[in-house]
Amino acid sequence: MKTLIRDVTVITANERNQVLEHADVVIDGTEITYVGPTTTWDENFQQTINGVGKLLAPGFVNAHGHAAMTLLRSYADDVPLMYWLEKKIYPVEARLKREDVYWGTMLAIAEMIKGGTTTFVDMYFFMDQVAEAAEEAGIRAVLSRGLVGVGPEADSGLEESKEFCRYWHGRAEGRITTMLGPHAPYTCPPDYLQKVMTLQDELGVPVHIHLSETLDEVEQIKAEYGVTPTKLLQKTGLLKRPVLAAHCVHLTEEDMDILAEEDVRVAHNPGSNLKLGSGIAPVPDLLKRGVTVGLGTDGAASNNNLDMLEEMRLAALLHKGSRMDPTLISASEAIAMATRESAKAAFLDNVGVVASGMKADLILIKLKQPHLVPQHDLMAHLVYAAQPSDIQMVMVDGKILCQDGKLTTLDEENIIEQAQQRAINLVQADENE
Ligand code: NI
(Lines give C-alpha, C1' and ligand atoms only; values in the text may rest on other atoms or scores of the structure.)
Protein backbone atom coordinates (compact mmCIF):
# COMPACT_ATOMS: atom_id res chain seq x y z
CA MET A 1 0.00 0.00 0.00
CA LYS A 2 1.17 3.53 -0.81
CA THR A 3 0.37 6.40 1.56
CA LEU A 4 0.91 10.13 1.11
CA ILE A 5 1.06 12.43 4.12
CA ARG A 6 0.53 15.81 2.54
CA ASP A 7 1.79 19.25 3.59
CA VAL A 8 2.91 18.35 7.07
CA THR A 9 5.58 19.75 9.41
CA VAL A 10 8.23 17.10 10.08
CA ILE A 11 10.54 16.73 13.04
CA THR A 12 13.06 14.48 11.32
CA ALA A 13 15.22 13.73 14.40
CA ASN A 14 18.12 13.35 11.96
CA GLU A 15 21.71 14.22 12.92
CA ARG A 16 21.12 17.84 11.92
CA ASN A 17 17.86 17.99 13.92
CA GLN A 18 16.06 19.29 10.84
CA VAL A 19 12.47 20.47 11.00
CA LEU A 20 10.78 20.60 7.59
CA GLU A 21 7.76 22.79 6.93
CA HIS A 22 5.25 22.05 4.17
CA ALA A 23 6.69 18.62 3.51
CA ASP A 24 5.23 15.58 1.79
CA VAL A 25 6.03 12.14 3.13
CA VAL A 26 5.44 9.01 1.05
CA ILE A 27 5.25 5.55 2.52
CA ASP A 28 5.46 2.51 0.28
CA GLY A 29 4.67 -0.70 2.12
CA THR A 30 6.70 -0.67 5.32
CA GLU A 31 9.16 2.02 4.26
CA ILE A 32 9.41 5.77 3.86
CA THR A 33 10.30 6.48 0.23
CA TYR A 34 10.10 10.28 0.10
CA VAL A 35 10.53 13.14 2.57
CA GLY A 36 10.74 16.55 0.92
CA PRO A 37 8.97 19.65 -0.28
CA THR A 38 5.27 19.46 -1.16
CA THR A 39 4.94 18.64 -4.81
CA THR A 40 2.42 17.56 -7.43
CA TRP A 41 2.07 13.80 -7.57
CA ASP A 42 0.94 12.04 -10.73
CA GLU A 43 0.51 8.65 -9.15
CA ASN A 44 -2.48 7.45 -7.17
CA PHE A 45 -2.08 6.76 -3.48
CA GLN A 46 -4.29 4.27 -1.71
CA GLN A 47 -4.32 6.54 1.30
CA THR A 48 -3.80 10.29 1.60
CA ILE A 49 -3.50 11.96 5.00
CA ASN A 50 -3.90 15.72 5.25
CA GLY A 51 -0.96 16.98 7.28
CA VAL A 52 -1.98 20.63 7.53
CA GLY A 53 -1.81 21.82 11.14
CA LYS A 54 -0.06 18.61 12.15
CA LEU A 55 3.37 17.52 13.21
CA LEU A 56 4.98 14.29 12.02
CA ALA A 57 7.78 12.76 14.10
CA PRO A 58 9.48 9.40 14.44
CA GLY A 59 7.69 7.06 16.84
CA PHE A 60 9.40 6.77 20.21
CA VAL A 61 11.80 3.94 20.99
CA ASN A 62 11.48 2.92 24.63
CA ALA A 63 15.03 1.71 25.26
CA HIS A 64 14.54 -0.15 28.52
CA GLY A 65 11.61 -1.78 30.28
CA HIS A 66 9.81 -4.78 31.65
CA ALA A 67 6.40 -4.58 29.98
CA ALA A 68 4.48 -7.13 32.03
CA MET A 69 5.25 -5.21 35.21
CA THR A 70 2.21 -3.09 34.37
CA LEU A 71 0.38 -5.69 36.49
CA LEU A 72 2.31 -4.34 39.49
CA ARG A 73 1.67 -0.67 38.73
CA SER A 74 1.01 1.22 41.99
CA TYR A 75 1.24 -2.00 44.00
CA ALA A 76 4.22 -0.84 46.07
CA ASP A 77 5.08 2.84 45.98
CA ASP A 78 7.17 5.20 48.05
CA VAL A 79 9.23 2.46 49.70
CA PRO A 80 13.00 1.79 49.62
CA LEU A 81 14.35 -0.17 46.64
CA MET A 82 15.44 -3.34 48.44
CA TYR A 83 12.18 -3.56 50.39
CA TRP A 84 10.30 -2.87 47.16
CA LEU A 85 12.09 -5.69 45.37
CA GLU A 86 12.39 -8.31 48.06
CA LYS A 87 9.13 -7.88 49.98
CA LYS A 88 6.81 -6.75 47.24
CA ILE A 89 7.94 -7.34 43.66
CA TYR A 90 9.80 -10.68 43.81
CA PRO A 91 7.07 -12.58 45.72
CA VAL A 92 4.41 -11.55 43.20
CA GLU A 93 6.71 -12.15 40.22
CA ALA A 94 7.37 -15.67 41.50
CA ARG A 95 3.67 -16.41 41.00
CA LEU A 96 3.35 -14.92 37.52
CA LYS A 97 2.07 -17.39 34.95
CA ARG A 98 2.62 -17.28 31.21
CA GLU A 99 -0.85 -15.84 30.64
CA ASP A 100 -0.23 -13.10 33.20
CA VAL A 101 2.89 -12.03 31.35
CA TYR A 102 0.97 -12.06 28.08
CA TRP A 103 -1.83 -9.83 29.38
CA GLY A 104 0.49 -7.57 31.36
CA THR A 105 2.53 -7.07 28.20
CA MET A 106 -0.61 -6.42 26.17
CA LEU A 107 -1.62 -3.73 28.67
CA ALA A 108 1.84 -2.17 28.32
CA ILE A 109 1.70 -2.32 24.53
CA ALA A 110 -1.75 -0.71 24.45
CA GLU A 111 -0.48 2.12 26.68
CA MET A 112 2.75 2.52 24.71
CA ILE A 113 1.10 2.65 21.28
CA LYS A 114 -1.41 5.25 22.47
CA GLY A 115 1.51 7.29 23.79
CA GLY A 116 3.41 7.21 20.49
CA THR A 117 5.89 4.44 21.26
CA THR A 118 6.55 2.32 18.17
CA THR A 119 9.43 0.18 19.49
CA PHE A 120 10.00 -1.19 22.96
CA VAL A 121 13.06 -2.90 24.40
CA ASP A 122 12.16 -5.49 26.99
CA MET A 123 13.81 -7.82 29.48
CA TYR A 124 11.61 -10.27 31.38
CA PHE A 125 10.63 -13.93 31.48
CA PHE A 126 8.03 -15.99 29.56
CA MET A 127 9.37 -14.04 26.60
CA ASP A 128 7.52 -16.18 24.05
CA GLN A 129 4.34 -14.58 25.37
CA VAL A 130 5.89 -11.11 25.13
CA ALA A 131 6.91 -11.79 21.53
CA GLU A 132 3.45 -13.14 20.67
CA ALA A 133 1.83 -10.03 22.14
CA ALA A 134 4.16 -7.77 20.15
CA GLU A 135 3.54 -9.73 16.96
CA GLU A 136 -0.24 -9.53 17.36
CA ALA A 137 -0.18 -5.83 18.20
CA GLY A 138 2.03 -4.90 15.24
CA ILE A 139 4.52 -2.97 17.39
CA ARG A 140 8.31 -3.33 17.00
CA ALA A 141 10.16 -5.02 19.86
CA VAL A 142 13.69 -5.86 20.95
CA LEU A 143 13.37 -8.72 23.41
CA SER A 144 15.60 -10.51 25.88
CA ARG A 145 14.97 -13.18 28.47
CA GLY A 146 16.25 -11.89 31.80
CA LEU A 147 19.05 -14.12 33.13
CA VAL A 148 20.10 -14.57 36.73
CA GLY A 149 23.43 -16.37 37.11
CA VAL A 150 22.84 -17.78 40.56
CA GLY A 151 20.14 -20.26 41.54
CA PRO A 152 18.31 -23.07 39.81
CA GLU A 153 17.45 -21.22 36.59
CA ALA A 154 20.99 -20.13 35.71
CA ASP A 155 21.68 -22.77 33.05
CA SER A 156 18.11 -23.41 31.92
CA GLY A 157 17.81 -19.65 31.37
CA LEU A 158 20.71 -19.77 28.91
CA GLU A 159 19.12 -22.70 27.10
CA GLU A 160 15.79 -20.88 26.93
CA SER A 161 17.50 -17.72 25.69
CA LYS A 162 19.16 -19.66 22.93
CA GLU A 163 15.89 -21.16 21.76
CA PHE A 164 14.12 -17.82 22.10
CA CYS A 165 16.71 -15.92 20.04
CA ARG A 166 16.87 -18.63 17.40
CA TYR A 167 13.12 -18.74 16.96
CA TRP A 168 12.18 -15.06 17.28
CA HIS A 169 15.09 -13.05 15.88
CA GLY A 170 13.81 -11.39 12.70
CA ARG A 171 10.23 -12.72 13.07
CA ALA A 172 6.99 -10.76 12.68
CA GLU A 173 8.17 -9.40 9.31
CA GLY A 174 11.42 -8.39 10.97
CA ARG A 175 9.73 -6.33 13.70
CA ILE A 176 11.10 -8.55 16.46
CA THR A 177 14.80 -8.72 17.21
CA THR A 178 16.40 -10.34 20.22
CA MET A 179 19.18 -9.85 22.74
CA LEU A 180 20.73 -11.81 25.58
CA GLY A 181 19.69 -10.41 28.95
CA PRO A 182 22.07 -11.05 31.85
CA HIS A 183 20.22 -9.09 34.54
CA ALA A 184 23.11 -7.24 36.21
CA PRO A 185 26.71 -7.70 37.42
CA TYR A 186 25.46 -8.33 40.99
CA THR A 187 23.15 -11.17 39.88
CA CYS A 188 25.44 -12.56 37.17
CA PRO A 189 28.96 -13.31 38.43
CA PRO A 190 31.92 -13.27 35.98
CA ASP A 191 31.94 -17.05 35.40
CA TYR A 192 28.30 -16.86 34.38
CA LEU A 193 28.96 -13.87 32.14
CA GLN A 194 31.56 -16.06 30.42
CA LYS A 195 28.79 -18.50 29.53
CA VAL A 196 26.66 -15.61 28.26
CA MET A 197 29.58 -14.48 26.08
CA THR A 198 30.05 -17.98 24.66
CA LEU A 199 26.37 -17.97 23.71
CA GLN A 200 26.70 -14.45 22.34
CA ASP A 201 29.54 -15.61 20.07
CA GLU A 202 27.24 -18.32 18.76
CA LEU A 203 24.12 -16.20 18.25
CA GLY A 204 25.62 -12.81 17.39
CA VAL A 205 22.83 -10.87 19.14
CA PRO A 206 23.56 -7.86 21.41
CA VAL A 207 23.55 -7.98 25.22
CA HIS A 208 21.09 -6.05 27.44
CA ILE A 209 22.12 -5.56 31.09
CA HIS A 210 21.37 -3.33 34.11
CA LEU A 211 24.49 -1.44 35.19
CA SER A 212 25.29 0.71 38.23
CA GLU A 213 21.67 1.49 39.03
CA THR A 214 22.21 2.06 42.74
CA LEU A 215 25.03 3.01 45.06
CA ASP A 216 24.49 -0.25 46.99
CA GLU A 217 25.22 -2.25 43.87
CA VAL A 218 28.46 -0.35 43.25
CA GLU A 219 29.58 -0.84 46.88
CA GLN A 220 28.73 -4.54 46.77
CA ILE A 221 30.71 -5.18 43.58
CA LYS A 222 33.62 -3.10 44.85
CA ALA A 223 33.71 -5.08 48.10
CA GLU A 224 33.64 -8.39 46.25
CA TYR A 225 35.86 -7.70 43.24
CA GLY A 226 37.77 -4.54 44.12
CA VAL A 227 36.55 -2.68 41.02
CA THR A 228 33.44 -0.81 39.87
CA PRO A 229 30.70 -2.75 38.01
CA THR A 230 31.73 -1.10 34.71
CA LYS A 231 35.36 -2.06 35.22
CA LEU A 232 34.29 -5.59 36.15
CA LEU A 233 32.31 -5.95 32.91
CA GLN A 234 35.28 -4.62 30.98
CA LYS A 235 37.59 -7.14 32.64
CA THR A 236 35.31 -10.06 31.78
CA GLY A 237 35.41 -8.97 28.13
CA LEU A 238 31.65 -8.37 27.92
CA LEU A 239 32.04 -4.76 26.78
CA LYS A 240 33.81 -5.94 23.62
CA ARG A 241 30.39 -7.22 22.58
CA PRO A 242 27.52 -4.98 21.47
CA VAL A 243 26.03 -3.96 24.86
CA LEU A 244 22.99 -1.94 25.94
CA ALA A 245 23.43 -0.91 29.59
CA ALA A 246 20.37 0.34 31.47
CA HIS A 247 20.59 3.10 34.12
CA CYS A 248 24.34 3.85 34.53
CA VAL A 249 23.51 6.18 37.43
CA HIS A 250 26.66 5.81 39.53
CA LEU A 251 29.75 6.08 37.33
CA THR A 252 33.30 7.27 37.95
CA GLU A 253 35.12 9.39 35.38
CA GLU A 254 37.04 6.25 34.39
CA ASP A 255 33.77 4.28 34.03
CA MET A 256 32.47 6.92 31.64
CA ASP A 257 35.68 6.81 29.61
CA ILE A 258 35.34 3.02 29.39
CA LEU A 259 31.71 3.25 28.21
CA ALA A 260 32.77 5.74 25.52
CA GLU A 261 35.80 3.74 24.46
CA GLU A 262 33.90 0.44 24.22
CA ASP A 263 30.91 2.10 22.52
CA VAL A 264 28.50 0.79 25.16
CA ARG A 265 24.96 2.04 24.53
CA VAL A 266 23.18 3.50 27.56
CA ALA A 267 19.45 3.58 28.39
CA HIS A 268 18.64 6.55 30.64
CA ASN A 269 15.58 5.97 32.85
CA PRO A 270 15.08 9.24 34.73
CA GLY A 271 11.56 8.50 36.04
CA SER A 272 12.44 5.14 37.54
CA ASN A 273 15.73 6.41 39.00
CA LEU A 274 13.92 9.29 40.70
CA LYS A 275 11.04 7.20 41.99
CA LEU A 276 13.26 4.52 43.50
CA GLY A 277 15.57 7.17 44.92
CA SER A 278 18.49 5.71 42.97
CA GLY A 279 19.99 9.01 41.89
CA ILE A 280 20.57 10.96 38.68
CA ALA A 281 22.62 9.50 35.83
CA PRO A 282 25.47 11.76 34.61
CA VAL A 283 23.92 12.05 31.15
CA PRO A 284 25.50 15.40 30.17
CA ASP A 285 28.95 13.93 30.92
CA LEU A 286 28.20 10.80 28.89
CA LEU A 287 26.97 12.88 25.94
CA LYS A 288 30.11 15.05 26.12
CA ARG A 289 32.14 11.87 25.66
CA GLY A 290 30.07 10.84 22.65
CA VAL A 291 28.30 7.92 24.37
CA THR A 292 25.02 6.88 22.72
CA VAL A 293 22.29 7.56 25.31
CA GLY A 294 18.74 6.39 24.66
CA LEU A 295 15.69 6.84 26.85
CA GLY A 296 13.53 4.29 28.63
CA THR A 297 10.66 4.15 31.08
CA ASP A 298 11.76 0.98 32.90
CA GLY A 299 8.85 -1.13 34.24
CA ALA A 300 5.54 0.47 35.19
CA ALA A 301 6.02 -0.64 38.80
CA SER A 302 8.75 1.98 39.20
CA ASN A 303 7.61 4.85 36.99
CA ASN A 304 4.47 4.43 37.03
CA ASN A 305 3.53 4.94 33.40
CA LEU A 306 5.13 4.12 30.06
CA ASP A 307 4.77 7.62 28.64
CA MET A 308 7.81 8.57 26.57
CA LEU A 309 6.66 12.20 26.28
CA GLU A 310 6.87 12.48 30.04
CA GLU A 311 10.22 10.67 30.08
CA MET A 312 11.58 13.08 27.49
CA ARG A 313 10.42 16.04 29.54
CA LEU A 314 12.01 14.58 32.66
CA ALA A 315 15.30 14.00 30.83
CA ALA A 316 15.28 17.59 29.59
CA LEU A 317 14.38 19.14 32.97
CA LEU A 318 16.24 16.93 35.43
CA HIS A 319 19.80 17.76 34.46
CA LYS A 320 19.07 21.47 34.10
CA GLY A 321 17.71 21.60 37.64
CA SER A 322 20.21 19.35 39.38
CA ARG A 323 23.22 21.13 37.82
CA MET A 324 21.66 24.59 37.77
CA ASP A 325 22.38 24.93 34.06
CA PRO A 326 19.41 25.56 31.71
CA THR A 327 21.54 24.86 28.62
CA LEU A 328 21.84 21.14 29.41
CA ILE A 329 19.80 18.58 27.39
CA SER A 330 18.06 20.84 24.88
CA ALA A 331 14.68 19.93 23.41
CA SER A 332 16.36 18.58 20.26
CA GLU A 333 18.72 16.46 22.37
CA ALA A 334 15.79 15.06 24.37
CA ILE A 335 13.92 14.19 21.15
CA ALA A 336 17.02 12.53 19.70
CA MET A 337 17.41 10.54 22.90
CA ALA A 338 13.82 9.21 22.66
CA THR A 339 14.06 8.37 18.95
CA ARG A 340 17.33 8.19 16.98
CA GLU A 341 19.67 7.53 19.89
CA SER A 342 17.31 5.00 21.50
CA ALA A 343 17.20 3.15 18.18
CA LYS A 344 21.01 3.10 18.11
CA ALA A 345 21.03 1.95 21.72
CA ALA A 346 18.77 -0.94 20.70
CA PHE A 347 21.04 -1.72 17.73
CA LEU A 348 18.33 -0.87 15.19
CA ASP A 349 19.51 1.04 12.14
CA ASN A 350 16.23 1.44 10.30
CA VAL A 351 14.02 3.39 12.76
CA GLY A 352 14.19 6.56 14.88
CA VAL A 353 14.53 9.09 12.05
CA VAL A 354 12.07 10.36 9.45
CA ALA A 355 14.03 9.84 6.22
CA SER A 356 13.74 8.02 2.94
CA GLY A 357 14.79 4.39 3.33
CA MET A 358 13.78 4.18 6.99
CA LYS A 359 10.90 2.06 8.29
CA ALA A 360 7.62 3.97 8.51
CA ASP A 361 7.35 4.09 12.31
CA LEU A 362 5.70 7.48 12.74
CA ILE A 363 3.45 9.60 14.93
CA LEU A 364 1.19 12.46 13.90
CA ILE A 365 0.38 15.20 16.42
CA LYS A 366 -2.49 17.71 16.36
CA LEU A 367 -1.10 21.21 16.79
CA LYS A 368 -4.35 23.21 16.92
CA GLN A 369 -4.75 23.11 20.68
CA PRO A 370 -4.49 25.76 23.37
CA HIS A 371 -1.32 24.36 24.94
CA LEU A 372 0.48 24.12 21.58
CA VAL A 373 -0.22 27.66 20.31
CA PRO A 374 1.66 29.67 19.06
CA GLN A 375 4.23 27.54 17.27
CA HIS A 376 7.56 29.35 17.69
CA ASP A 377 9.48 26.13 18.30
CA LEU A 378 7.90 22.78 17.57
CA MET A 379 10.70 20.71 19.09
CA ALA A 380 10.23 22.61 22.34
CA HIS A 381 6.47 21.93 22.07
CA LEU A 382 7.00 18.20 21.71
CA VAL A 383 9.26 18.06 24.77
CA TYR A 384 7.82 20.66 27.13
CA ALA A 385 4.13 20.95 26.26
CA ALA A 386 2.71 17.98 24.33
CA GLN A 387 0.50 15.32 25.92
CA PRO A 388 -0.19 11.73 24.78
CA SER A 389 -3.76 12.78 23.94
CA ASP A 390 -2.33 15.10 21.25
CA ILE A 391 -1.19 12.08 19.27
CA GLN A 392 -3.67 11.53 16.46
CA MET A 393 -2.09 8.65 14.62
CA VAL A 394 0.57 6.04 15.34
CA MET A 395 2.07 3.92 12.57
CA VAL A 396 4.52 1.00 12.63
CA ASP A 397 5.91 -0.50 9.42
CA GLY A 398 3.49 1.67 7.44
CA LYS A 399 0.47 0.25 9.25
CA ILE A 400 -1.75 2.46 11.41
CA LEU A 401 -1.95 1.00 14.94
CA CYS A 402 -3.81 3.88 16.55
CA GLN A 403 -6.13 6.46 15.02
CA ASP A 404 -7.80 9.24 17.03
CA GLY A 405 -7.05 7.45 20.27
CA LYS A 406 -8.48 4.11 19.10
CA LEU A 407 -6.27 1.05 18.79
CA THR A 408 -6.78 -0.67 15.45
CA THR A 409 -5.13 -4.03 16.14
CA LEU A 410 -6.05 -4.60 19.78
CA ASP A 411 -9.24 -4.95 21.82
CA GLU A 412 -8.50 -2.34 24.47
CA GLU A 413 -11.52 -3.09 26.63
CA ASN A 414 -10.71 -6.78 26.85
CA ILE A 415 -7.04 -6.09 27.62
CA ILE A 416 -7.99 -3.78 30.49
CA GLU A 417 -10.42 -6.33 31.89
CA GLN A 418 -7.96 -9.23 31.67
CA ALA A 419 -5.09 -7.26 33.16
CA GLN A 420 -7.22 -5.85 35.95
CA GLN A 421 -8.51 -9.27 36.99
CA ARG A 422 -5.11 -10.95 36.82
CA ALA A 423 -3.44 -8.19 38.81
CA ILE A 424 -6.07 -8.48 41.54
CA ASN A 425 -5.65 -12.25 41.72
CA LEU A 426 -1.87 -11.95 42.01
CA VAL A 427 -2.04 -9.43 44.80
CA GLN A 428 -4.79 -11.24 46.70
CA ALA A 429 -2.66 -14.38 46.73
CA ASP A 430 0.14 -12.24 48.16
CA GLU A 431 -2.06 -10.98 50.96
CA ASN A 432 -3.23 -14.51 51.81
CA GLU A 433 0.31 -15.72 52.39
NI1 NI B 1 15.06 -2.41 34.54
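The values are calculated or read from the model by the stated rules, or taken from the named source; none is laboratory data. Please read all numbers here as calculations on a predicted model, not as lab measurements. Neighbour counts run over all protein chains shown; Cβ positions are idealised from the backbone, glycine included. The area values use the complete protein model at the heavy-atom level, side chains included, leaving out ligands, DNA and RNA. Shrake-Rupley method; radii C 1.70, N 1.55, O 1.52, S 1.80 Å.
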Note to self: If I model a spin label as a point 7 Å beyond the Cα along the Cα-Cβ vector, how far apart are those points for Lys97 and Thr408 in nm?
What the structure shows: 3.4
Check: What is the distance in Å between the Cα centres of segment 261-293 and segment 55-75?
Finding: 17
Next item on the list: Set Lys and Arg Cβ to +1 and Asp and Glu Cβ to -1, take the dipole of the chain about its Cα centre, and tell me which of Ala423, Gln46, Ala360 lies farthest positive.
Entry: Gln46
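What 222 nm value per residue comes from the helices of the chain, counting each DSSP H run with n ≥ 4 as -39,500 (n - 2.57) and dividing by all residues, nearest 500 deg cm²/dmol?
On the way: 15 runs with 159 residues, N = 433.
Computed ellipticity for the chain at 222 nm equals -11000 deg cm²/dmol.
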Margin query: I'd like the accessible area for Ser302, computed on protein heavy atoms only with a 1.4 Å probe and all protein chains in place. Round to 10 Å², please.
Written below: 0
Checklist line | From phi via Karplus (6.51, -1.76, 1.60), per-residue ³J(HN,Hα) for segment 158-175 in Hz, x at Gly/Pro | finding: 5, 4, 4, 4, 4, 5, 4, 4, 4, 6, 8, 4, x, 6, 6, 6, x, 6
Next item on the list: Taking 7 Å along the Cα-to-C-beta vector as the label spot, tell me the Glu21-Ile424 distance in nanometres, rounded to one decimal.
Entry: 5.4
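Sort segment 24-165 into rounded, prolate or oblate with this rule: let a ≥ b ≥ c be the square roots of the eigenvalues of the Cα gyration tensor; rounded if a/c is under 1.5, and if a/c is not under 1.5, prolate when a/b is larger than b/c, oblate otherwise.
Numbers: a/c = 3.24, a/b = 2.15, b/c = 1.50.
Prolate shape, in that a/c is at least 1.5 and a/b is the bigger ratio.
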Next item on the list: For the chain, with all protein chains present and a 1.4 Å probe, just round the carbon and sulfur fraction of the accessible area to a whole percent.
Entry: 50
Notebook entry, point to check: Once label points are set 7 Å from the Cα along Cα→Cβ at both Asn44 and Arg166, what is their separation, rounded to one decimal in nm?
Noted result: 4.9
Item checked: Glu31 long-range amide H proximity, modeled H, under 5 Å -> Ala360
Note to self: Please report the spacing between the Cα centers of segment 309-333 and segment 163-193 in Å, no decimals.
What the structure shows: 31
Checklist line | Taking all pairs of distinct alpha-carbon atoms in the chain, Kirkwood radius in angstrom | finding: 21.9
Next item on the list: Tell me the trypsin sites (Lys or Arg not before Pro) within segment 1-73 that lie in a loop according to DSSP and have at most 13 other beta-carbon atoms within 10 Å.
Entry: Arg16
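Fully extended, how many nm does the chain gain between Glu173 and Glu153 (0.36 nm per residue separation, minus their Cα-Cα distance)?
On the way: separation 20, 0.36 × 20 = 7.20 nm, distance 3.11 nm.
Extra length available between Glu173 and Glu153 comes to 4.1 nm.
Normalised by the residues of the chain, what does the relative contact order come to in percent, with Cα pairs under 8 Å and at least six apart?
Numbers: 941 pairs, mean separation 92.2, N = 433.
Worked out over the chain, it gives 21 percent.
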Next item on the list: Please work out the Kirkwood hydrodynamic radius for segment 118-158, using every pair of different C-alpha atoms, and report it in angstroms with one decimal place.
Entry: 11.1
Notebook entry, point to check: What full-extension length gain, to one decimal in nm, is calculated for Ala260 and Tyr90 as 0.36 nm per residue of separation minus the Cα-Cα distance?
Noted result: 57.8 nm
Notebook entry, point to check: Projected onto the charge dipole of the chain (+1 at Lys/Arg Cβ, -1 at Asp/Glu Cβ, origin at the Cα centre), which of Thr33, Leu215, Val130 gives the Cα projection farthest towards the positive end?
Noted result: Thr33
Item checked: Positive dipole terminus of the chain, leading residue within Ala110, Met379, Leu276 (C-beta point charges) -> Met379
Next item on the list: Skip the ligands, DNA and RNA, and give the accessible area per residue of segment 60-345 with a 1.4 Å probe, whole Å².
Entry: 34
Next item on the list: With both partners inside the chain, how many of the DSSP beta bridges are antiparallel, as a percent to the nearest 5?
Entry: 45
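Multiply the residue gap between Asp78 and Ala355 by 0.36 nm, knock off their C-alpha separation, and tell me the result in nm, one decimal place.
Here the answer is 95.5 nm.
Could you give the dipole magnitude of segment 60-345 about its Cα centre, charging the beta-carbon of Lys and Arg +1 and that of Asp and Glu -1, in debye to the nearest 20?
With only Lys, Arg, Asp and Glu charged at Cβ, the dipole is about 400 debye.
Add +1 for every Lys or Arg and -1 for every Asp or Glu among the other residues with Cβ under 14 Å from the Cβ of Pro206, and state the total. The partial results should precede the final answer.
Working: positive: Arg145, Lys240, Arg241, Arg265, Lys344; negative: Asp122, Asp201, Glu202, Glu262, Asp263, Asp349.
After counting each charged neighbour, the total is -1.
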Next item on the list: Could you please tell me the mean projected area of the C-alpha convex hull for segment 163-232, averaged over all directions and given in square nanometres to one decimal?
Entry: 5.2
Notebook entry, point to check: Charges only on Cβ, +1 for Lys and Arg, -1 for Asp and Glu: so what's the dipole of segment 106-208 about the Cα centre, in debye to the nearest 20?
Noted result: 320
Notebook entry, point to check: What share of Cα pairs, in percent, lie more than 25 angstrom apart in segment 320-433?
Noted result: 46
Notebook entry, point to check: Cα gyration tensor of segment 65-145, axes a ≥ b ≥ c as square roots of the eigenvalues: rounded (a/c below 1.5), prolate (a/b > b/c) or oblate?
Noted result: prolate
Next item on the list: Answer rounded, prolate or oblate for segment 353-414, using the Cα gyration tensor with square roots of eigenvalues a ≥ b ≥ c: rounded when a/c is under 1.5, else prolate when a/b is larger than b/c, else oblate.
Entry: oblate
Next item on the list: Would you mind pulling out the separation of the Cα centroids of segment 77-139 and segment 228-249, in Å?
Entry: 25
